[in-house]
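The values are calculated or read from the model by the stated rules, or taken from the named source; none is laboratory data. Predicted model only: the values in this text are computed from it and were never measured. Using ideal geometry, Cβ is built from the backbone for each residue, glycine included, and neighbour counts are taken over all protein chains shown. Heads up: the accessible areas ignore ligands, DNA and RNA and are worked out on the full protein's heavy atoms, side chains in. Shrake-Rupley method; radii C 1.70, N 1.55, O 1.52, S 1.80 Å.
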Amino acid sequence: MTTNRKVLMLPGDGIGPEVMHEVSRVIKWMNDNCGTAFDIQEGLCGGAAYDAHGTSLTNETLTEAMASDAILFGSVGGPKWDNVPREERPEAGLLRLRKEMDLFANLRPATVLDALADASTLKKEVVSGLDIMIVRELTAGVYFGEPRGTDTLPDGTRRGFDTEVYTQTEIERVARVSFELARKRSNKVHSVEKANVMESGVFWREVITALHAAEYSDVDLLHMYADNCAMQLVRNPKQFDVIVTNNLFGDVLSDCAAMLTGSLGMLPSASLGAPGPNGQRKALYEPVHGSAPDIAGQRLANPSAMVLSYAMMLRYSFDMCEEAELVEQAVQNVLASGLRTADIKQERTAPVSTDVIGDALLSELSKLTG
Ligand code: IPM
Ligand code: MN
């Protein structure tokens, strides 16, 4: 039986296309061997779309994105587009996708796989067994708040400004996702803001506290200032289970959390919208790492984060948990076998290329299902 699971692939720029290529191979293998029946379309986003169409996201691609069951996204940006007008910058294409699809909850798990506990710059005992989930609000806050811009003051000097703004609804919906996730994990949520300085931070804390009391009092809720959270993430990361925070703090704290695991090259993410009439959420899956223009095109990139993003898609968009675990296990086995790209390589072993990891993934998948 074939089902129609429509997935739009947007490989983007830099290492995006290389890591996406390895995912395509995994998807094809699973279509052939596990009956996953994904129907894949490809499109352009970011600098690649700008070069072809003069805009980082065309309306046609956005329409296709809206009609898909899920999106697999690579990465966008690079110095090549430094002088492109702001509204057309590669990053603008990604931000528009997030906003128009209303992908408000960005799940960024940071887990330390056993095989990689040595790859972290922190002591092994601090990070081994780590499993935290950062839930970053993704469609509001200073990324989108108005007014924003630059202007000239009466004395002739200029200024630049952005606006941090959150509505009750925007805070509640991302908090709900966090509390529900915590219930399936270790039942603890840290809500992170700067209520000591920002009005929007005071409001964030108020809204979360009220929602918690009304609907989620079975979950442990703790409040933490963002600067303290950055410090605690490197001091004692295992105190965290779920962290919920705004768009900007989430951007910064998730890069920090990513490095606990050894490399940005390992971390996937899921960006989820509200459930539609059929219960399915709009969703986009992308690695936390960027386009890494310095190593693009050299087959040096680690495809794991992209492959693990595909595993998140299996789990969150299609409820295919067994298949997701299969992919995650294959990634772990490849690492355990000692094959490493340069970002996580061990002393005395030579790094391998992107496609060698891809080959190894396919053979692990065969072994695990054979
Ligand atoms: C991320 C990235 C993006 C962001 C950029 C590329 C716009 O850093 O997804 O973390 O700041 O959200
Ligand atoms: Mn970022």
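Some notes on this structure:
- Conditions (1) at pLDDT below 95; (2) β-branched (Val, Ile, Thr); (3) open to solvent by 60 Å² or more (accessible area, probe 1.4 Å); number of the one not met by residue 112: (3)
- On inspection, residue 308 passes the criterion of being under 21 Å from the mean Cα position of the chain (by Cα), open to solvent by less than 70 Å² (accessible area, probe 1.4 Å) and at pLDDT 95 or above.
- Sole residue being without any contact (Cβ under 8 Å) to a residue 24 or more places away in the chain, farther than 30 Å from residue 19 by Cα and not assigned by TED's automatic domain parsing to the domain that holds residue 340, chosen from 197, 192, 207, 219: 197
- Residue within region 89-106 that is open to solvent by less than 10 Å² (accessible area, probe 1.4 Å), touching a residue at least 60 places away in the same chain (Cβ under 8 Å), under 22 Å from residue 259 (Cα atoms) and more than 11 Å from ligand 1 (Cβ to nearest atom) present: yes
- Count of region 23-46 residues, restricted to those that are open to solvent by less than 50 Å² (accessible area, probe 1.4 Å), in contact (Cβ under 8 Å) with a residue 40 or more places away in the chain and more than 18 Å from the chain's Cα centre (by Cα), is 6.
- With respect to the conditions (1) open to solvent by less than 10 Å² (accessible area, probe 1.4 Å); (2) away from ligand 2 (no atom under 16 Å from the Cβ), residue 282 lacks only one, and its number is (1).
- Qualifying residue in region 129-145 (condition: over 30 Å from residue 275 (Cα atoms), modelled with pLDDT of 95 or more and surrounded by 15 or more Cβ atoms within 10 Å (Cβ to Cβ)): no
- Within region 270-287, residues that are touching a residue at least 40 places away in the same chain (Cβ under 8 Å) and within 21 Å of residue 307 (Cα to Cα) have Cβ atoms under 7 Å from residues that are open to solvent by 50 Å² or more (accessible area, probe 1.4 Å) and part of a strand (DSSP E or B) in these pairs: 272/281, counting only partners at least 6 apart in sequence or on another chain.
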